[in-house]
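A short worksheet on the structure shown next.
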Amino acid sequence: MKKIYLISPNKLSKDFYIFFPKVLATRKVKFFQLRCKNYSKKIITKHIKRILPITEKYKVKLILNDDAHLALKFKNVGFHLGQNDLRKSREIVISNKKQFFGITCHNSLNLAKKAILLKSSYVAFGAFFSTKTKTVKFVAKKNILQKAKKLNTKIVAIGGITNKNYKDLLEYGADFIAISSFIWKNKQLTPIDAIKLFK
């Protein structure tokens, strides 16, 4: 099952780099989003250079959260934008010809339609469940996934996804499930054991 959109922890420790290649080696991850809100561009750039050879080895698409400008400096790095970031980076998005990118659409088909007009590679809906990764301002209902299938674009479901609730999201129409805390902050399981629960 190569349907996992893996999101990084906020801090990239030595343990992260030990487990990261092994997690990708399970062949379950299609995309990896680098999401480290408190890192400077200089530090993020160092991590991109370290992570990119690993994602390329396992044919995983590397996606940079929020920063379209920085992503464009790398040939094989895409970007993901929230609605606020989209407003700041609209000119880049409109002029974008080749770069892979996705847009957060919360629980709104209207936002998804606008994202498609901007030629986004995928749209992301959520949060579907409570999550510790970020403060939940928007709650998405599973039936939006069914409705979004008619838009003819790739769909990512995000927010509090675990091995106990992911199958419903796929059945309702999600193409990919975004996971972070269950893999990186799981107190019972290592990242490798955690990701193996998704089948």
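Given R₀ = 45 Å, what would the calculated FRET efficiency be for Asn110 paired with Met1, taking r from the Cβ atoms and rounding to 0.05?
Result of the calculation: an efficiency of 0.90.
What list of ³J(HN,Hα) couplings, whole Hz, do you get for region 44-53 from phi and the Karplus terms 6.51, -1.76, 1.60, once you set θ to phi - 60° and write x for glycine and proline?
4, 4, 4, 5, 4, 5, 7, 7, 4, x
Just grab the label-to-label distance for Ile94 and Tyr17, each label 7 Å out from Cα along the Cβ direction, in nm (one decimal).
4.1 nm
How much of the accessible area of the chain, probe 1.4 Å, is carbon plus sulfur, in whole percent?
Ligands and nucleic acids excluded, carbon and sulfur reach 52 percent.
Work out how much length Tyr58 to Leu70 would gain on full extension: take 0.36 nm times their residue separation and subtract the Cα-Cα distance, in nm to one decimal.
2.1 nm
What lysines could a cross-link reach from Lys141, if we take a straight Cα to Cα line under 21 Å and drop same-chain neighbours fewer than 8 places away?
Within the straight-line cut-off, Lys141 pairs with Lys3, Lys113, Lys114, Lys132, Lys149, Lys150, Lys154, Lys164, Lys167.
Over the chain, what is the relative contact order in whole percent, taking alpha-carbon pairs under 8 Å and six or more residues apart?
Relative contact order here is 19 percent.
Of the listed values [x] 15.8, 45; [y] 25.4, 79; [z] 22.5, 79, identify the label whose number matches Rg and Dmax of the Cα atoms in Å calculated from this model.
Checked against the structure: label [x].
Treat every Asp and Glu Cβ in the chain as -1 and every Lys and Arg Cβ as +1, leave all other atoms uncharged, and give the resulting dipole magnitude about the Cα centre to the nearest 20 debye.
So the magnitude is around 240 debye.
When the chain is treated as a GNM, springs tying every alpha-carbon pair under 10 Å, which of Ile63, Ile103, Ile94 comes out with the largest mean-square fluctuation?
Highest fluctuation among the options: Ile94.
Would you mind getting me the FRET efficiency between Lys119 and Lys196? Use the beta-carbon distance for r and R0 = 41 Å, nearest 0.05.
After rounding, the FRET efficiency stands at 0.70.
Roughly how many Å² is the accessible area per residue of region 1-70, as a whole number, for a 1.4 Å probe?
Using a 1.4 Å probe on heavy atoms only, each residue of region 1-70 averages 50 Å².
In nm, give the distance between the simple-model label positions of Asn10 and Asn186, each being 7 Å from the Cα along the Cα-to-Cβ direction.
2.2 nm
Could you pull out every residue, at least 5 positions away or on a different chain, whose amide H is within less than 5 Å of the one on His80? Hs are placed 1.01 Å off N in the peptide plane, and Pro or chain starts have none.
Hits under the 5 Å cutoff: Leu64, Asn65, Asp66, Asp67, Gly102.
HN-Hα J couplings of region 54-71 from phi, Karplus 6.51/-1.76/1.60, θ = phi - 60°, integer Hz, Gly and Pro as x?
For region 54-71, the Karplus curve yields 6, 5, 5, 4, 9, 6, 10, 7, 8, 10, 9, 6, 6, 9, 5, 4, 5, 4 Hz.
The values are calculated or read from the model by the stated rules, or taken from the named source; none is laboratory data. Please read these numbers as outputs of a predicted model, since none were measured by experiment. Backbone-built Cβ (ideal geometry, glycine too); neighbour counts: all protein chains shown. With ligands, DNA and RNA removed, areas are computed over all heavy atoms of the protein, side chains included. Shrake-Rupley method; radii C 1.70, N 1.55, O 1.52, S 1.80 Å.
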